[in-house]
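Peer 1: Handing you a structure now.
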Amino acid sequence: MILDGLPSIPRRLDVARAHHERGGLVAAVLPIHYPRALLRAFGILPIEVWGPPNIDATRAASHLQPYVCSIVRNTLAFLESGGLQVADLLIVPHACDSLQGLGSVLLDFVHPRQPVLPLYLPRTQGAEAAVFLAEELRALHRRLVEVARRAPLEADLLQSILDEEAADALLRRLFERRLTLPLTTFDFYRLVRAREFLPLSAFVELAQAMLVLPPAERRPHTPILLSGIVPEPMEILRAVDELGASVVADDLACCGRRLYPEGMSREPFARMAESLLGAPPDPTRGSPIQDRLDHLIGLAQTTGARGVVFHDVKFCEPELFDLPSLRSGLRDAGLPSIAVEVDLNDPPSHQARTRLEAFLEMIA
Amino acid sequence: MTALDVLRVYASSRLIGPAALRVQRWGNEWRARAGSGWASDYLAPPLRVAARGKEMVARHWLEGRYANRNRKVAWVTSGAPVELLHALGFFTVYPENHGAICGAARVAVDLSCEAENAGYSRDLCSYARTDLGSLFSGRTPVGRLPKPDLLFACTNICQTVLFWYRVLAHHLRVPLVLIDTPFIYFETAPEHAVEYVRRQLEASIPSVERVAGRSLDTGRLKETGRLSREASQLWMEIMERNDGRPAPISVVDQFTLMAPVVEMRGEPATVNFYAAMLKEVDGRIAAGVSAVQHEKHRLLWDNLPIWYRLRDVAEMLGAEGAALVASTYTNAWGELADLIDPDQPFESMARTYLYPILNRGAGHKLATMRRMIEQYSIDGVLLHSDRSCKPYSIGQLDQRDRLARESSVPALLLEADHNDSRCYAEGQIANRVAAFIETLER
Amino acid sequence: MSGIRAWGIDVGSSTTKIVGVDTEGVLHWDVLEDSEPRAEEQVERLLQRAAEVGDAQARPLVATGYGRKLVRQADRVVTEITCHARGVYRALGHGGTLVDVGGQDSKVIGLGPDGEVLDFAMNDKCAAGTGRFLENTSRRLGVDLEHLGEVALSAGDEATLSSTCTVFAESEIVSLLAHGVAVEPILKGLHRALVERLVAMIRTVGLRPPLMLSGGVARNPAIARLLEAETGQRVIVPPHPQLMGAYGAALVALEKAGEPSGPV
């Protein structure tokens, strides 16, 4: 779908093919945090895989039990049915026990055609975490050298990092300015989520085009904050628009929690580590609950959100453990919330919509 | 505390309580010797040393009742480098072990409902739900759980403990020391991971010293390490005694007697306990006593036990001459014993605590199973697909297929949960086990 | 019978209700029918009847319930949560915790002292907390729906059901009957099982006394009694418990018409 004044968003598959034609490699990257700049420095295009939603996941059943979340199960099913054929390598960050299991099952049993490169994100917040992550990124770099059969110069790597930071700065501006943009919630997210797969220059072009769109006269809406891992199935965002609400800020692992700050060091690996570790609080990186609560309350206060919708994928431990404390803390701060659990393959649900609708009526 | 209080606490926890427990133990031992009270056609009675193990654990919880008054208390995850805390004189509580006690006492579901009512999803680990339910309601079968002054968690068993302990830290407002152990996907832990763990251990010292109110005595740490290693080595020897036919003890005996090596590792009493257990096991071998009468099939158990059905599962299998002779779970507390180097405590702790089986890939777990199949002459494998334990359970489907295809060892997946009896379907499990045994008989 | 100023229609999965209220927000007219497969035709027919009674087109109209989106004629569409809260608050005059048990869903709504919705929980995935649970299982026992509650309350003993699922509960009942357990204790156990589900939902929302009960299942005396026993709280059933959704919708419509919806 083309929106006036904006470049069209191609499909992930087409982007991958185009990159191959330019002679580059494509990496399929699983959730959540990873060093985009490092991959791009090798001429590798990272294309993120969040599910995808709405597929037949039965092929995962021979490897994964039903109590593994649908993000992980869908990824495996997608791989097994050839969906990731276009990828030359697979990056599997360690965000939780299920992704840990998937990485292990891929490496030890499934043996996909592509090399599988795991990446461990530290769960502590001290200086040791930054030192470890820099080393872990160096180890990833060594693996990438083997796969890509080349090594970028340090100066090129640093430039790649600076370019990525500039793109992230544009992304942050988009998030800050979202209410002035003449876009529905659904379209806003569809566009910003293009960060997950567009080549850097294409994303920068898109972001700049979005930022110069004529500001919209905002219709009255109920402002909410959306929290969770990924806004899939995206029908929830359509429902938000149709019910006269608007997501004014988010605490989504794939969006708001990946607004990476600039690093400080001039040493590339240290800088990438600082940037990754400086992101907003995230339970998959071991953030304390109070930090998350402070962040959510702060976000709600600066954006005027009147309630929080926790949109979680069923079986997601990092999210479900924190939920009661967060909801109770938010309640004490005068912010009502609801929690919905979804499966990525759920057809649009009347029940889920009614819940959202009732909540919006409650906070209107 | 008044002088009277001090006296009362001393009397209860050091004199009367332990004395009462000792009397109870003598009673249990006598009953065991007399063979009375044990009714099973297929299973050997519990080891005599079980009474002593029970006393040790009970004494630990008895001390726990009063621990807040005179010691610093730490709540610890089962895979954490506890030697550091023992050397600082902490009284250690293992919420996982407490959870297992609740499971075995059949009160876990009730406690879990308390947590569920507070908003915790039923899809979360049943140990955590049991523990949080106990925290919110104040109910526990051990009398009274001492509140922690410190929370000490290590991610080498799962990430769930990280989220669980963050919740505890949030509720109890006490410091949480986290030892983050990067997952080992390949053959060895990369050096930078070992370095990371070692640095975290060292960085934790000021915090734990502050809570303990004293400085770390390296001599005491080394001694604790020595005792830990000795206990683990004895435990390993005990398990390895099962490699002969018939197996003198069952894995169920191991489950019920593992508490000291998990939660009292580093104490002299634990070493003595396992030395006594080893002696008794040797005695059984000499006397030709087997865990299961007419042992026909030798089985390997993978994953956590089903705490609320231990005896039932053992009986179901024993009736068909099937003995559980080895388990990857109990093996975990012995297999790393040699990595412990008491003279290099931080360096060796960093390695030892990176390498538990749960921090290793699914392929490594399969290789471990294969090795144990060889070592223990295993005929079949029971894979407990524990809904609560993803690090253990993910990979079992492939492990089962490969064991059958590549090793010609039949393997059965049993879907249940280690602590939540609502996830245990009696009829289904019984049917599957029966069908599995039939496969073995062919 | 003019004097009806606003209309509310609740298109549920089991029953469809339509209600008319006057300028004071007092209930003046209502119809309750089993929901028909062709919902739009049924709605059309009911609105015709309403128009005859009201002497004019049935407007303003607010629609609620499972099938609310099918009511093209509605001026506004509002969820059953908001409507039930509004209806019960007007009927009883105070806040508390409303438990609404319908044929195919159940919900718990926490109401503040001014009738505002504070929190809610919905069970719409699982039959074990709904009227359907009792319907299915009473059929197995050969007791008709009208007398279910009385029969249950007449039991001295009570059978404990362990199944968490309606489907398994049915086979459990067959097994109990085969073992000679009488119908009454089983029926009481079934009611207890349903009430336990409701209590779990109440606990997630948080119990703010008093407890109020609405929906078709509210007419079953055993449910109220057992709920009182399980929670230690008095249970209040408003008049016309099945009409609370439609009544609340009509009150919302009344507001829309510019009239206040009655004393606060």
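The values are calculated or read from the model by the stated rules, or taken from the named source; none is laboratory data. On a predicted model such as this, the values are computed, not experimentally measured, just so you know. Using ideal geometry, Cβ is built from the backbone for each residue, glycine included, and neighbour counts are taken over all protein chains shown.
Peer 1: Which of the residues that make up the stretch A:1-57 are assigned to a loop (DSSP other than H, G, I, E, B) and hydrophobic (A, V, I, L, M, F, W, C)?
Peer 2: A:Met1, A:Ile2, A:Leu3, A:Leu6, A:Ile9, A:Leu30, A:Ile32, A:Phe42, A:Val49, A:Trp50, A:Ile55, A:Ala57
Peer 1: Name the residues in the stretch A:298-326 that are of a type in the set (A, V, I, L, M) and either buried (at least 20 other Cβ atoms within 10 Å of the Cβ) or within 9 Å of another protein chain (Cβ to nearest Cβ) (or both), would you?
Peer 2: A:Ala300, A:Ala305, A:Val308, A:Val309, A:Val313, A:Leu320, A:Leu323, A:Leu326
Peer 1: Related question: Report yes if C:Gly215 is within 20 Å of the chain's Cα centre (by Cα) and within 29 Å of B:Ser421 (Cβ to Cβ), otherwise no.
Peer 2: no
Peer 1: Does B:Tyr165 qualify as being touching a residue at least 40 places away in the same chain (Cβ under 8 Å), farther than 22 Å from A:Arg327 by Cα and among the aromatic types (Phe, Trp, Tyr)?
Peer 2: Answer is no for this residue.
Peer 1: Now for a different question. Would you please name the residue that is surrounded by the most Cβ atoms within 10 Å (Cβ to Cβ), looking only at residues in the stretch B:194-204 that are more than 7 Å from chain A (Cβ to nearest Cβ) and hydrophobic (A, V, I, L, M, F, W, C)?
Peer 2: The qualifying residue surrounded by the most Cβ atoms within 10 Å (Cβ to Cβ) is B:Val197.
Peer 1: Additional query: Specify the residue that is farthest from C:Glu184 (Cα to Cα); the eligible residues are those in the stretch C:110-153 that are more than 14 Å from chain A (Cβ to nearest Cβ) and not in a helix (DSSP H, G or I).
Peer 2: C:Pro113
Peer 1: Going through B:Ile285, B:Ile249 one at a time, which residue ends up being in contact with a strand residue (DSSP E or B) (Cβ under 9 Å, 6 or more places away or on another chain) and either in contact (Cβ under 8 Å) with a residue 60 or more places away in the chain or surrounded by fewer than 23 Cβ atoms within 10 Å (Cβ to Cβ) (or both)?
Peer 2: Going through B:Ile285, B:Ile249 in turn, just one is in contact with a strand residue (DSSP E or B) (Cβ under 9 Å, 6 or more places away or on another chain) and either in contact (Cβ under 8 Å) with a residue 60 or more places away in the chain or surrounded by fewer than 23 Cβ atoms within 10 Å (Cβ to Cβ) (or both): B:Ile249.
Peer 1: Is one or more of the residues making up the stretch B:332-353 within 27 Å of A:Phe315 (Cα to Cα) and charged (D, E, K, R)?
Peer 2: Scanning the stretch B:332-353, I find no residue that is within 27 Å of A:Phe315 (Cα to Cα) and charged (D, E, K, R), so the answer is no.
Peer 1: Here's another thing I want to ask about it. If I ask for residues that are more than 9 Å from every other protein chain (Cβ to nearest Cβ), assigned to a strand (DSSP E or B) and within 18 Å of the chain's Cα centre (by Cα), which ones from the stretch A:93-124 would you list?
Peer 2: A:Pro93, A:Leu119
Peer 1: Check the stretch B:167-189 and report whether any residue there is more than 12 Å from chain A (Cβ to nearest Cβ), touching a Phe, Trp or Tyr at 6+ places or on another chain (Cβ under 6 Å) and modelled with pLDDT of 95 or more.
Peer 2: no
Peer 1: With respect to C:Glu158, is the statement that it is assigned to a helix (DSSP H, G or I) and not hydrophobic (A, V, I, L, M, F, W, C) true?
Peer 2: For C:Glu158, the condition - assigned to a helix (DSSP H, G or I) and not hydrophobic (A, V, I, L, M, F, W, C) - is not met.
Peer 1: Restricted to the stretch B:153-166, and to residues that are in a loop (DSSP other than H, G, I, E, B) and facing another protein chain (nearest Cβ under 7 Å), which residue is surrounded by the fewest Cβ atoms within 10 Å (Cβ to Cβ)?
Peer 2: If we take residues in the stretch B:153-166 being in a loop (DSSP other than H, G, I, E, B) and facing another protein chain (nearest Cβ under 7 Å), then B:Cys158 is surrounded by the fewest Cβ atoms within 10 Å (Cβ to Cβ).
Peer 1: I've got another one for you. Report those strands (runs of 3 or more DSSP E) wholly inside the stretch C:1-102 carrying at least 3 residues which are surrounded by fewer than 23 Cβ atoms within 10 Å (Cβ to Cβ) and not basic (Lys, Arg).
Peer 2: In the stretch C:1-102, C:27-34 are the strands (runs of 3 or more DSSP E) which contain 3 or more residues that are surrounded by fewer than 23 Cβ atoms within 10 Å (Cβ to Cβ) and not basic (Lys, Arg).
Peer 1: In addition: Out of all the residues in the stretch B:49-107, which are touching a Phe, Trp or Tyr at 6+ places or on another chain (Cβ under 8 Å) and part of a loop (DSSP other than H, G, I, E, B)?
Peer 2: B:Arg71, B:Lys72, B:Thr77, B:Ser78, B:Gly79, B:Ala80, B:Pro81, B:Val82, B:Tyr94, B:Arg106
Peer 1: Out of all the residues in the stretch B:358-372, which are more than 10 Å from chain A (Cβ to nearest Cβ) and crowded, with 20+ Cβ neighbours inside 10 Å?
Peer 2: Of everything in the stretch B:358-372, those that are more than 10 Å from chain A (Cβ to nearest Cβ) and crowded, with 20+ Cβ neighbours inside 10 Å turn out to be B:Met369, B:Met372.
Peer 1: Could you list all residues from the stretch B:331-360 that are in contact with a Gly (Cβ under 7 Å, 6 or more places away or on another chain) and either free of Cβ contacts under 8 Å to residues at least 40 places away in the same chain or closer than 11 Å to B:Lys222 by Cβ (or both)?
Peer 2: Matches in the stretch B:331-360: B:Ile340, B:Pro342, B:Pro345.
Peer 1: I'd like to verify a number: residues in the stretch B:384-410 that are small (Gly, Ala, Ser), modelled with pLDDT of 95 or more and surrounded by fewer than 23 Cβ atoms within 10 Å (Cβ to Cβ), how many?
Peer 2: 1
Peer 1: Here is a follow-up. How many residues, within the stretch B:125-152, are surrounded by fewer than 24 Cβ atoms within 10 Å (Cβ to Cβ) and within 24 Å of A:Asp312 (Cβ to Cβ)?
Peer 2: Counting residues in the stretch B:125-152 that are surrounded by fewer than 24 Cβ atoms within 10 Å (Cβ to Cβ) and within 24 Å of A:Asp312 (Cβ to Cβ) gives 2.
Peer 1: Let me ask another. Please state which of the following conditions B:Ala430 fails to meet, knowing it meets all the rest: (1) farther than 30 Å from B:Leu227 by Cβ; (2) without any contact (Cβ under 8 Å) to a residue 60 or more places away in the chain; (3) assigned to a helix (DSSP H, G or I).
Peer 2: (2)
Peer 1: Say we look at the stretch A:296-306 and pick out the residues that are closer than 26 Å to B:Phe163 by Cα and not small (Gly, Ala, Ser); which of these is farthest from the chain's Cα centre (by Cα)?
Peer 2: Taking the candidates together, the pick is A:Ile297.
Peer 1: Ok, one more. Being at the interface with chain A (Cβ under 10 Å from one of its Cβ atoms) and among the aliphatic types (A, V, I, L, M), is that true of even one residue in the stretch B:137-152?
Peer 2: So far as the stretch B:137-152 goes, no, none of its residues is at the interface with chain A (Cβ under 10 Å from one of its Cβ atoms) and among the aliphatic types (A, V, I, L, M).
Peer 1: Just a yes or no: is a residue in the stretch B:377-395 free of Cβ contacts under 8 Å to residues at least 60 places away in the same chain and part of a helix (DSSP H, G or I)?
Peer 2: No, the stretch B:377-395 contains no residue that is free of Cβ contacts under 8 Å to residues at least 60 places away in the same chain and part of a helix (DSSP H, G or I).
A quick yes/no check of all residues on (1) closer than 26 Å to B:Phe152 by Cβ; (2) in contact with a Leu (Cβ under 8 Å, 6 or more places away or on another chain):
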site: B:Arg311; (1), (2): no, no
site: B:Leu317; (1), (2): no, yes
site: B:Gly321; (1), (2): no, no
site: B:Tyr329; (1), (2): yes, yes
site: B:Asp343; (1), (2): yes, no
site: B:Gly363; (1), (2): no, yes
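Peer 1: Does the stretch A:253-295 hold any residues that are within 14 Å of another protein chain (Cβ to nearest Cβ), within 18 Å of the chain's Cα centre (by Cα) and in a helix (DSSP H, G or I), and which are they?
Peer 2: Selection gives A:Ala273, A:Leu277, A:Pro283, A:Thr284, A:Arg285, A:Arg292.
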